[in-house]
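The values are calculated or read from the model by the stated rules, or taken from the named source; none is laboratory data. Here the structure is a predicted model, which is why all the values come from computation and not from measurement. Here Cβ is always computed from backbone atoms with ideal geometry, including for glycine, and neighbour counts include all displayed protein chains. Ligands, DNA and RNA are stripped out before the accessible areas are found, and what is left, the full protein with its side chains, is counted by its heavy atoms. Shrake-Rupley method; radii C 1.70, N 1.55, O 1.52, S 1.80 Å.
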Amino acid sequence: MEPQTSQTITVTVNGETYEREVEARRLLIHFIRDDLDLTGSHVGCDTGNCGACSVIYNGQLVKSCMLLAVQADGARIETVEGLAPEDGKLHALQQSFSDHHALQCGYCTPGMLMSAKALLDANPSASEEEIRKGLQGNICRCTGYWNIIDAVKAVAR
Amino acid sequence: MTETLSPAQPLVVEEGEEQRGFAGTNVPRKEDKRLVQGQGVYFDDVKRHGMGYAHFVRSPYAHANITSIDVSKAEALEGVYGTLIGEEVAALTDPFFQLATPPGAHIKDYALAVGKVRHVGEPVAIVVAATRELARDAADLVEVDYEPLGAVTDARRALDPETPVLHEEAGSNLSWEGVYEWGDVEGAFAEADHVVKISELHFDRFNSTPLECDGAVVEYNRGTGQWTIHTNNQFPGFAAIMMGPAMRTGLDKLRFVTQDIGGGFGNKITSHPQLVACCLLARKLHRPINWTEWRTEFHLTMSHGNERWFLDTEVAVKADGTLLGFRTKALDDAGAFLRYEPLGGVIWAQVTPGCYRWRNVRLDFTQVVTNKAPCSPNRGYSRMQHLWFTERMIDIVAHELGLDPVEVRKKNYVKAEEMPYTTPNGCVYDSGDYARMLDVALELIGYEGLAERRADAESRGKLFGFGIGSTLDSGTNNFGQSRLINPELQFSGNNEVATVKLDIFGEIVVTLGTTPQGQSHETTAAIVVADILGVTPDDVNVRAGHDTYWNSHAGFSGTYASQFAVTGLGAVKGAAEKLAGEIKKLGSVILGCPESELELADGFVRMKANAEAALPLMACGAIINANNAGLPEDLDVTLNARYVYRPPFELPDVERKYGNLTLTYAAQVHAALVEVDPETGVYEIVQYAAIDDCGKRIHPQIVEGQVMGATAHALGAATHETFTYDAEGNLLTPNFYDYHVPHAMDMPPLKTGYIESPSPFTALGTKGMGEGGGAGIHAVCAALQDALAPRGRPVVYDSCNPYHRVWELLQDPEASRRRVEVISK
Ligand code: FES
Ligand code: FES
């Protein structure tokens, strides 16, 4: 039998359900970015180190470059595009990032926000130490993290 | 955890005029709203119908002849659109123009390797396919036969007769050399009481690794012969100058478009070879091409920072610690090609004496090529290497002669009252007060209580160290300095462009020629325009990014080399003032009074004496654009103002290598405290202070953000970040798994502070400031040297000091001490 090179999957992203045929070895991040055109999540590495692709997957923070799209069949995914509660309003973390100048180029920001959200969902009053630990999987090359930590701290309180 | 010094009395050295408007306030950043919602548009977010994905086939060898390339299997794969190899590139393009004089001028550099590869990762062929995955698989089917050659990875061996030569046309691995000498160097050494000799110092290879790698989406319009290049290249002006002649096309055929860029730090200046390859493919395959570089590809090939050795250094010092001069031989490792080099061979001279008053300097600069990735600008480009060297000299001299590093600095710093200060090579430091900055740094780091901290650390078995890094961030290049490298080059001065227009419904629209990568140009430009037109930054719409079609660019347009606050905002100010003048002209016709009696405020042009006699800006826009019957014939008003900012520069004197090379000199003084575990060499930065002076700050929070970012880069480079090669030329740190950038856990407690010494030479008193001079590298080296002193006084000789190197210094301090010798009269 020929190996199967593509598969149809059903994925719910930010509350919307999509059915798509995908190449079997397509990474979840490329499915999100290229197939669903949700380009907020980014790619910053090829070794799972940078966290630019971080999304919340069935309630858990994952690096979406470390999963295949076919593994996400049936999954519920949240990306940065779904973070704001409604059009024209920002999530508290988004506002706090802006207030604290916690972003410059903004390339790490979507992943950083999803990490911070997962962190605060699990631990709403996270301490500075816990925030630093929680963001350890996300690289930012612009800010030096100080303002990011302050931004998350401000929401944690 | 971060603390900003906000003194009750602002630390303003010179009082400017009475503050009015938004300049100097932290208005919300305009860029944030889209970026925090994932609505930015980076190049890879651009999609086109029928787009093909490009994947590069790269050399596994550091140095080899290519004997054959066979793409037939790849092309036969279903879904593959086509390929490109070096032979086609050599037929369709000319080699890139070289900035160097011979021998470097003879180097032939193409978009893909032609006949030979010269570093691991060098692009050899490209495959384009319907998906990223397919392109990658198909690239594996390209068969390339190589005949491996010996590699050179140590610059110190590059010119040995038995060393293999990279570019036969150049004759040897020498790419450029030049001698710089100013003052009376022999006299300085004759006058010296001590001569401190340092045989070898090494500034390591790294780069600031922006989180987004390089790339482009390139479209070709067959009807007009024009390419549209959606790219994150950060200096389209330079890319165009490189690409046009190579592609045998006029610059009007190259349209660069950018919205958001995921960090640049200079590393995205030299992507022109890849862009040319994409242009050829878009034309050949009749379809848009997406090239998205992978992280490993970025590390293997893109824009490493210049690795530099300082050999046979001698420092002339008086008994009282007065520094008279120095001489050294700088050996620069440019990697395999000269993509922006050998400009590094002169850029360092912007900061020849560092922050110090020594007048007698000789530096023999030699640049060689090696089988490593090509070097190109990296935050602090070429000055950082030299400033690190300068700070190392200061601290080594202080340690060897038993002098206090704080006192040596204070004694030898250029003094505030000497500003503007002309350096031995004719550069003019515009303003500043380094001693004052050092005082602020000492205050923030807790200098008074240092003895207690030291005792406390020692009681816990740690070695304790304190170090200072004082640097300059020279900004707004005079491109005439390129003539010190090659007198034939026809570049000089600098420029940047902005347009500001008032549209039908009163929209104020600003376009820039720059390509920001996080530097918040939309926000700061809006502040400047708002203050001139009497509106709020919210009323000002600054277009995001760069587009050649906007016609708001010139030859040096881009975002690089610490200049936006001078060139970009200078252009914005010029255009906004031009527009303000036109609005008043129109106002005087409509309101029937002389222009001199009018002002712009609250969204109106109105009479100063009678705020009721007012015309809303919206009405001005409507009249000129859509309701202009009956206006006087000679009313020359378009409400669409374009301004080209041009800094005041002269051509430098090529013979003496003398002249003003940059317009502004922002300064940084950093201080670090470290604790070292004497058993393992593991150390921690336990407190850090960063003081910045970039003149007038348009938006203090953005300035502080740049200070923090530059600090983080410097700390990464000081502690772990290195592009290390093995003897065969394999890069050992080709991704973020092996190349250790700082994480949130690594950041030390930080205090920031500032003083403001407005530049007398710029339109707004601002200075460029994004690069930051690498002060953290210098401070950490100094702190480590201080900490290790009780263990045999080792000499910190490398810019990068991972734990294993510190451990080596602890194990065998003598090995490092052999690098230093003091000769006293
Ligand atoms: S892209 Fe997923 S961790 Fe870097
Ligand atoms: S803001 Fe640029 S990488 Fe974080």
Checklist entry - What are the residues in region B:633-686 that are open to solvent by less than 10 Å² (accessible area, probe 1.4 Å) and closer than 30 Å to B:Met618 by Cα, if any? => result B:Leu639, B:Ala641
Checklist entry - Regarding A:Ala69, is this residue closer than 26 Å to B:Glu297 by Cβ, touching a Lys or Arg at 6+ places or on another chain (Cβ under 6 Å) and open to solvent by less than 10 Å² (accessible area, probe 1.4 Å)? => result yes
Next on the checklist: Being open to solvent by 50 Å² or more (accessible area, probe 1.4 Å), over 14 Å from A:Glu78 (Cβ atoms) and without any contact (Cβ under 8 Å) to a residue 40 or more places away in the chain is the filter here; which residues of region A:1-19 pass it?
Outcome noted: A:Met1, A:Glu2, A:Pro3, A:Gln4, A:Thr5, A:Thr8, A:Glu19
Item to check | From B:Gly354, B:Gly402, residue being of a type in the set (Gly, Ala, Ser), over 30 Å from B:Ala105 (Cβ atoms) and open to solvent by 10 Å² or more (accessible area, probe 1.4 Å) | outcome: B:Gly402
Item to check | Positions within region B:601-624 being in contact with a Lys or Arg (Cβ under 9 Å, 6 or more places away or on another chain) and open to solvent by 70 Å² or more (accessible area, probe 1.4 Å), in sequence order | outcome: B:Glu612
Checklist entry - Only one residue in B:Gly178, B:Gly183, B:Gly150 is among the small types (Gly, Ala, Ser) and at positive phi, so which one is that? => result B:Gly183
Checklist entry - Would it be correct to say that B:Gly545 is farther than 20 Å from B:Gly695 by Cβ, in contact with a strand residue (DSSP E or B) (Cβ under 6 Å, 6 or more places away or on another chain) and within 14 Å of chain A (Cβ to nearest Cβ)? => result yes
Checklist outcome for this item: When region B:271-305 is checked residue by residue, the ones that are in a helix (DSSP H, G or I) and of a type in the set (S, T, N, Q) are B:Gln274, B:Thr296, B:Thr301
Checklist entry - If you go through region B:722-742 one residue at a time, do you hit one that is open to solvent by less than 20 Å² (accessible area, probe 1.4 Å), closer than 21 Å to A:Glu129 by Cβ and within 9 Å of another protein chain (Cβ to nearest Cβ)? => result yes
Item to check | Selection from region A:100-136 of residues that are within 15 Å of ligand 2 (Cβ to nearest atom) and more than 8 Å from chain B (Cβ to nearest Cβ) | outcome: A:His100, A:Ala102, A:Gly111, A:Met112, A:Met114, A:Ser115, A:Ala116
Item to check | Checking B:Asp798 against (1) surrounded by fewer than 24 Cβ atoms within 10 Å (Cβ to Cβ); (2) over 24 Å from the mean Cα position of the chain (by Cα), the condition it does not meet | outcome: (2)
Item to check | Qualifying residue in region B:118-130 (condition: open to solvent by 30 Å² or more (accessible area, probe 1.4 Å) and away from every other protein chain (no Cβ under 14 Å)) | outcome: no
Checklist entry - Does A:Arg33 meet the test of being within 16 Å of ligand 1 (Cβ to nearest atom), at pLDDT 95 or above and more than 11 Å from the chain's Cα centre (by Cα)? => result yes
Item to check | Only one of A:Val43, A:Val80, A:Val22, A:Val13 that is within 16 Å of ligand 2 (Cβ to nearest atom), farther than 19 Å from A:Val152 by Cα and either of a type in the set (A, V, I, L, M) or in contact with a His (Cβ under 6 Å, 6 or more places away or on another chain) (or both) | outcome: A:Val43
Checklist outcome for this item: In region B:561-570, residues that are at negative phi and assigned to a loop (DSSP other than H, G, I, E, B) total 1
Checklist entry - What number goes with the only condition from (1) outside any helix (DSSP H, G or I); (2) within 20 Å of the chain's Cα centre (by Cα); (3) away from ligand 1 (no atom under 16 Å from the Cβ) that B:Gly262 does not pass? => result (3)
Next on the checklist: I'm trying to understand the selection: among the residues of region A:50-62, which are open to solvent by less than 50 Å² (accessible area, probe 1.4 Å) and either within 16 Å of ligand 2 (Cβ to nearest atom) or without any contact (Cβ under 8 Å) to a residue 40 or more places away in the chain (or both)?
Outcome noted: A:Cys50, A:Gly51, A:Ala52, A:Cys53, A:Ser54, A:Tyr57, A:Val62
Item to check | When residues of region B:365-380 are limited to those that are assigned to a strand (DSSP E or B) and more than 30 Å from B:Met419 (Cβ to Cβ), the one most open to solvent (accessible area, probe 1.4 Å) | outcome: B:Thr366
Next on the checklist: Please list, ordered by residue number, the strands (runs of 3 or more DSSP E) wholly in region B:594-686 having 3 or more residues that are aliphatic (A, V, I, L, M) and within 30 Å of B:Gly480 (Cβ to Cβ).
Outcome noted: B:662-676
Checklist entry - Is at least one residue of region A:42-49 in a loop (DSSP other than H, G, I, E, B), touching a strand residue (DSSP E or B) at 6+ places or on another chain (Cβ under 6 Å) and surrounded by fewer than 24 Cβ atoms within 10 Å (Cβ to Cβ)? => result yes
Item to check | For B:Thr524: the one exception among (1) part of a loop (DSSP other than H, G, I, E, B); (2) among the hydroxyl-bearing types (Ser, Thr, Tyr); (3) touching a helix residue (DSSP H, G or I) at 6+ places or on another chain (Cβ under 7 Å) | outcome: (1)
Checklist entry - Across region A:117-131, which residue is surrounded by the fewest Cβ atoms within 10 Å (Cβ to Cβ) among those that are away from ligand 1 (no atom under 16 Å from the Cβ) and farther than 20 Å from B:Pro748 by Cα? => result A:Ser125
Checklist entry - In this structure, is A:Gln95 open to solvent by 30 Å² or more (accessible area, probe 1.4 Å), at pLDDT 95 or above, on the phi < 0 side of the Ramachandran plot and away from ligand 2 (no atom under 16 Å from the Cβ)? => result yes
Checklist entry - Of all residues in region B:81-115 being open to solvent by 40 Å² or more (accessible area, probe 1.4 Å) and aromatic (Phe, Trp, Tyr), which is farthest from B:Arg287 (Cα to Cα)? => result B:Phe97
